[in-house]
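One structure is given here, and the rest of the page talks about it.
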Amino acid sequence: MTKPFGFRDKLGYLLGDIGNDFTFVLSSTFLLKFYTDVMGVPAAVVGTILMIARFVDAFTDVTMGRICDKSKVTKNGKFKPWILRMCGPVALSSFLIYQSSLADMPLPFKIGYLFVTYILWGSIFYTTINIPYGSMASAISAEPGDRQSLSTYRSVGASVAGVVVGALIPLIAYEEVNGIMVLNGEIFTSIAGVFSVLAILSYIGCYYLVTERVEIPSSASEKGNNVIVMLKNAITNKALVSIIAASIVMLLAQMTLQSMANYVFPIYYGNTTAQSVSMLIMLAGSLLVAAIAKPIAARFGKAEVAVVASFIAAGVCLLLFFLRPGNVWAYVALQSVCWLSLGVFAMISWALITDVIDYSEIKNGVREDGSVYALYSFARKLGQAGAAGLVGAMLTGIGYSELNAVQDSVKEGIFNISTLIPAIGFTLLALVLWFWYPLHKKQVDENVKILRERRTGGK
């Protein structure tokens, strides 16, 4: 007899995203810093490589989504066997990216090495584990409340990994050289290896704790099962297109905040301890939000709550831009409000995509969890790459290099990037969710009712 949905599933799903983010957060937060300061690759070049990789993702993400949809249901489920298969390759490929021993190699070699290892990690191996992991939420439970719980626990897992990565590295991997806090490449490489091992252990925990209890049949024999039809359905799916747009601008804002923290704290404020403290505060805020996200979303609607949270985050970023606090702890205090607001959206974002999957089933008559999630995942990678490309170009534009980081014009440019870009991103996110995204509370409740009646025969 299948175990009923419970804490075991939520803990397992939490561990799955911890595994994801031990490598994803390391990349999104520190890859640009590592390659500019340790490996000596220009910021604009790094950003360009990350953006080029997204074109590869356009094929690998969609392909993996179709593979998931066509996979047969095994005794261990349809999606989670992929987690056990691919946890080793994704962890190893992540570690290979950060090899400081290659810092003295010629620049063309380092650029080529980054391109190859990043494609292996992000476009191939990470895709083969992240797409099944995200799709698995629909197979764990069909109940909206359970899915919101999974979304909340997933976001807590992301916050835990994010804090471990974001707080540990500034405390351990930085050293003072000529009055400037700089990244120690050898220490960073060792830390990357530790995170890869922890990622594998987290994935294994997810595999053994989670149970797939909703049987989602293979789509191999279903009508219209081909990539062209799937893409046509996606383009005409207002909910999917709008949530993709929302994801791109959200990650543009979030990843800019995360990556620029590596420049604001050590360069503008000269204080990496404050960077670690801000990450710990973010974790505390995430745990607080986790306790209230489900009832608030149930009462007011997931999209509605996300709109309010996004406007608050945008307002705080603008306030920081105009106030420009000279005290680092005042900056941390205000930024913590921004992270708290962002945390509200993070806690419900994964439940939003399950709403989109339900909507797609009603609209198209075909259940395509893997394909829909693959497109959503691709959008998230676009946001990540867009942030890296934009930040890299802007850092180059303000004349940043490790040697001239002490110049006042460079410091002011760093602060401007870290506040204005997130403010724009969060504002666009709120507008997309309110005016474009169609699945507000009333529509979601109606869709749940329609699918329940279909599956129970109206009983």
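The values are calculated or read from the model by the stated rules, or taken from the named source; none is laboratory data. Since this is a predicted model, take the numbers as computed values, not measurements. Here the Cβ is made from the backbone with ideal geometry for all residues, glycine too, and neighbour counts use every protein chain on show. What goes into the accessible areas is simple: the full protein's heavy atoms, side chains included, and nothing from ligands, DNA or RNA. Shrake-Rupley method; radii C 1.70, N 1.55, O 1.52, S 1.80 Å.
Among residues of segment 376-393 that are closer than 12 Å to S123 by Cα, none has a beta-carbon under 6 Å from a residue that is open to solvent by 10 Å² or more (accessible area, probe 1.4 Å) and not in a helix (DSSP H, G or I) at least six positions away or on a different chain. Residues in segment 342-359 that are open to solvent by less than 10 Å² (accessible area, probe 1.4 Å), modelled with pLDDT of 80 or more and not β-branched (V, I, T): L352 alone.
Would you confirm, using the coordinates I've provided, whether Y263 is at pLDDT 80 or above, within 25 Å of the chain's Cα centre (by Cα), open to solvent by 50 Å² or more (accessible area, probe 1.4 Å) and at negative phi? No. Residues of segment 180-217 that are modelled with pLDDT under 85 and closer than 20 Å to M86 by Cβ: I216 alone. Checked against (1) open to solvent by 20 Å² or more (accessible area, probe 1.4 Å); (2) at pLDDT 90 or above; (3) closer than 23 Å to L257 by Cα; (4) not polar (S, T, N, Q), Y113 passes all but condition (3). When you check A234 against the structure, is it farther than 30 Å from L32 by Cβ, at pLDDT 85 or above, assigned to a helix (DSSP H, G or I) and not β-branched (V, I, T), yes or no? Answer is no for this residue.
Just to be sure, is S155 modelled with pLDDT of 85 or more and not acidic (D, E)? Taking the combined requirement at face value, the residue does not satisfy it. Scan segment 24-83 for residues that are in a loop (DSSP other than H, G, I, E, B), within 30 Å of S141 (Cα to Cα), among the hydrophobic types (A, V, I, L, M, F, W, C) and over 21 Å from the mean Cα position of the chain (by Cα) and the total you get is 1.
Table: residues versus (1) open to solvent by 40 Å² or more (accessible area, probe 1.4 Å); (2) closer than 25 Å to D445 by Cβ.
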{"residue": "L287", "(1), (2)": "yes, no"}
{"residue": "V305", "(1), (2)": "no, yes"}
{"residue": "V308", "(1), (2)": "yes, yes"}
{"residue": "A313", "(1), (2)": "no, no"}
{"residue": "V328", "(1), (2)": "no, no"}
{"residue": "Q335", "(1), (2)": "no, no"}
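Considered as a group, the residues in segment 316-326 that are more than 14 Å from L257 (Cα to Cα) and surrounded by 15 or more Cβ atoms within 10 Å (Cβ to Cβ) include one that is nearest to the chain's Cα centre (by Cα), and that residue is L319. Of the residues in segment 430-459, how many are more than 19 Å from D146 (Cβ to Cβ), among the hydrophobic types (A, V, I, L, M, F, W, C) and either surrounded by 14 or more Cβ atoms within 10 Å (Cβ to Cβ) or at pLDDT below 80 (or both)? Within segment 430-459, residues that are more than 19 Å from D146 (Cβ to Cβ), among the hydrophobic types (A, V, I, L, M, F, W, C) and either surrounded by 14 or more Cβ atoms within 10 Å (Cβ to Cβ) or at pLDDT below 80 (or both) number 6. The set of residues in segment 155-187 that are of a type in the set (G, A, S), part of a helix (DSSP H, G or I) and open to solvent by 20 Å² or more (accessible area, probe 1.4 Å) contains only A158. What do you reckon, is V372 in contact with a Gly (Cβ under 8 Å, 6 or more places away or on another chain), surrounded by fewer than 24 Cβ atoms within 10 Å (Cβ to Cβ), more than 29 Å from I172 (Cα to Cα) and modelled with pLDDT under 90? Against the criterion (in contact with a Gly (Cβ under 8 Å, 6 or more places away or on another chain), surrounded by fewer than 24 Cβ atoms within 10 Å (Cβ to Cβ), more than 29 Å from I172 (Cα to Cα) and modelled with pLDDT under 90), V372 does not qualify. When you look at L84, is it under 30 Å from Y263 (Cα atoms) and not polar (S, T, N, Q), yes or no? Judged against the criteria, L84 is not a match.
Scanning segment 131-142 finds no residues that are in a helix (DSSP H, G or I), open to solvent by 40 Å² or more (accessible area, probe 1.4 Å) and hydrophobic (A, V, I, L, M, F, W, C).
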